Amino acid sequence: MSDFEPTTDFPEFIDDDDAIVMSGAAVRDQRIQTRRKLVLRALCVVAIGVLIGFGIEWWRAIVAVGGAYVSISIGIATLGAFARPIPEAPPAGELRRVKLTYRCSHCGSEIRMTLANDQVPEPPRHCTDDMELTTNLEDVL
């Protein structure tokens, strides 16, 4: 399954439906990540108990296990980023929902793109030049 669902909405109704479509793979990955975090936290609590049982001061045990927790969490996140494949592009002809605004630098004309074949498509041309993207991509992606 993919996270993309083709749309048949008319452009004037696209703003009304901003629901995120979660696929089976994304939900399964999220459950696995949550389970890993719970297991790591449980191991940290056990490690603190074992260290205190061996006579190490409680605050030193917490600092040591806290540092180990941060290091292991960063390592798991880094390795997890390598393990997840890049999502496949949708088949040719399918469109994605986008909310992008472009402006012509010569005449000032503006257009709003609501459907495109890519998340960030190439800018349209107007007055023989590419139009400038005025939408903040950090808000869109």
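The C-beta contact set for segment 55-70 (first residue in the same structural domain as R41 (by TED's automatic domain parsing) and of a type in the set (F, W, Y), second residue surrounded by 11 or more Cβ atoms within 10 Å (Cβ to Cβ) and assigned to a helix (DSSP H, G or I), distance under 6 angstrom, 6+ apart or interchain) comprises W58/I52; Y69/C44.
Given the criterion at pLDDT below 85 and not hydroxyl-bearing (S, T, Y), identify the matching residue among R84, R60, R41.
Just a single option satisfies the conditions, and that option is R84.
Checking each residue of segment 65-72 against the condition of being under 30 Å from Q119 (Cβ atoms) and hydroxyl-bearing (S, T, Y) gives no match. The single condition among (1) modelled with pLDDT of 80 or more; (2) of a type outside the set (S, T, N, Q); (3) not in a loop (DSSP other than H, G, I, E, B) that G108 does not meet is (3).
All of A47, A116 fail the test of being in the same structural domain as D29 (by TED's automatic domain parsing) and surrounded by 12 or more Cβ atoms within 10 Å (Cβ to Cβ), apart from A47. For segment 4-38, name all the residues that are among the small types (G, A, S) and either at pLDDT 90 or above or exposed (fewer than 14 other Cβ atoms within 10 Å of the Cβ) (or both). Scanning segment 4-38 gives A19, G24.
The values are calculated or read from the model by the stated rules, or taken from the named source; none is laboratory data. Worth saying up front: this structure is predicted, and the values here are computed from it rather than measured. Counting neighbours? That spans all protein chains shown, and the Cβs are built from the backbone with ideal geometry, glycine included.
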